[in-house]
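Asker: For reference, the structure I am asking about is given below.
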Amino acid sequence: MARKTVYIVQAFNAGKGDNLKPDAPIVCKSGAGALRTAERLALTKFGVVAFFSSGDPEMGDYDDEPTVFFRNGEIPAALD
């Protein structure tokens, strides 16, 4: 069982009403790359969050809760 860490950046735009509309998630190779991507997107997006999760990709078994390491702007409460 080989564990692998996945770094993801998720950006959001304003949707209808108080809803947020997510962009396609961006998978990054490293935490530093995810941080740079998140900081760049934070300049133009309504909200941005960067997080990582570890697990076994062959089994599809990942941590229950991702670890958020960057937040900016409005993000869904589930990622707060």
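Asker: Taking a cut-off of 22 Å between Cα atoms, list the lysines near Lys21, but don't count ones fewer than 8 places away on the same chain.
Answerer: Lys45
Asker: On C-alpha positions alone, give me the angle between the axis of helix 31-41 and the longest principal axis of the chain, in degrees, nearest 10.
Answerer: Taking Cα atoms only, the helix is inclined about 10 degrees.
Asker: Using a Cα-Cα cut-off of under 25 Å, which lysines could be cross-linked to Lys4, ignoring same-chain neighbours fewer than 8 residues away?
Answerer: Excluding near neighbours in sequence, the set is Lys29.
Asker: How high is the relative contact order of the chain? Use alpha-carbon pairs under 8 Å, at least six apart in sequence, and give a whole percent. Before the final figure, lay out the partial values.
Answerer: Details: 154 pairs, mean separation 26.4, N = 80.
This gives 33 percent for the chain.
Asker: Which of the peptides 57-67, 32-42, 9-19 is most tightly packed, and how do the rest follow, judged by the mean count of other Cβ atoms within 10 Å per residue?
Answerer: 32-42, 9-19, 57-67
Values quoted throughout were computed directly from the atomic coordinates according to the rules given, and no laboratory measurement underlies them. Computed from a predicted model, the values in this text were never measured in an experiment. Neighbour counts are summed over all protein chains in view; Cβ atoms, including those assigned to glycine, are modelled from backbone coordinates with ideal geometry.
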